[in-house]
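Notes follow once the structure below has been shown.
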Amino acid sequence: MYFKDVGYLCKEISTVDKNKRPKISYDEKIVYCNIKSIGLTEFYQAQSVGLKPEIKIECKLVDLEGVTHFKYDNRLYKILRINKKEDLTEIILSSFIMKNE
């Protein structure tokens with residue numbers, strides 16, 4: 001299978017700056033993937049429980065331990081759900097607004 005898009009799996013790292021304030025940064029790992037759209041049924045089922053899925057990512061099986069976010073096209077998304085099929089991983093994403101810059 002051919003993967004045409006590039007994204008980054010992100011692990012959240014909490015640190016403290018010089019003024020003792022918490023700061024969140026992300027450790028990024030590159031992954032090749034395909035971007036797919038969310039199906040109508042899946043979208044409306046998620047909306048009924050207060051979630052807003054926006055993008056579906058399809059990539060090869062990778063180690064997802066500790067991964068909480070996905071970066072694509074300079075936007076950071078929160079991972080809602082992960083499905084593993086045979087040799088592929090399907091990741092459902094929702095928008096995430098960064099609070100500390």
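Within region 33-50, being touching a strand residue (DSSP E or B) at 6+ places or on another chain (Cβ under 6 Å) and either among the aliphatic types (A, V, I, L, M) or farther than 14 Å from Leu93 by Cβ (or both) holds for Ile35, Ile38. Checking the stated criteria, Val49 turns out not to satisfy the condition of being among the β-branched types (Val, Ile, Thr), out of contact with any Asp or Glu (no Cβ under 7 Å at 6 or more places or on another chain) and under 21 Å from Tyr26 (Cα atoms). Among the conditions (1) loosely packed, with under 15 Cβ neighbours inside 10 Å; (2) more than 20 Å from Phe3 (Cα to Cα); (3) touching a Cys at 6+ places or on another chain (Cβ under 7 Å), Ser25 misses just one, which is (3). The residue of region 28-83 that is surrounded by the most Cβ atoms within 10 Å (Cβ to Cβ), among those that are aliphatic (A, V, I, L, M) and free of Cβ contacts under 8 Å to residues at least 12 places away in the same chain, is Leu40. If you go through region 32-84 and keep only what is modelled with pLDDT of 85 or more and of a type in the set (Lys, Arg), you end up with Lys36, Lys56, Lys60, Lys71, Arg75, Lys78, Arg81, Lys84.
The values are calculated or read from the model by the stated rules, or taken from the named source; none is laboratory data. Nothing here was measured: the structure is a model prediction, and the numbers come from that model. Note that each Cβ is placed from the backbone with ideal geometry, even for glycine, and that neighbours are counted across all protein chains shown.
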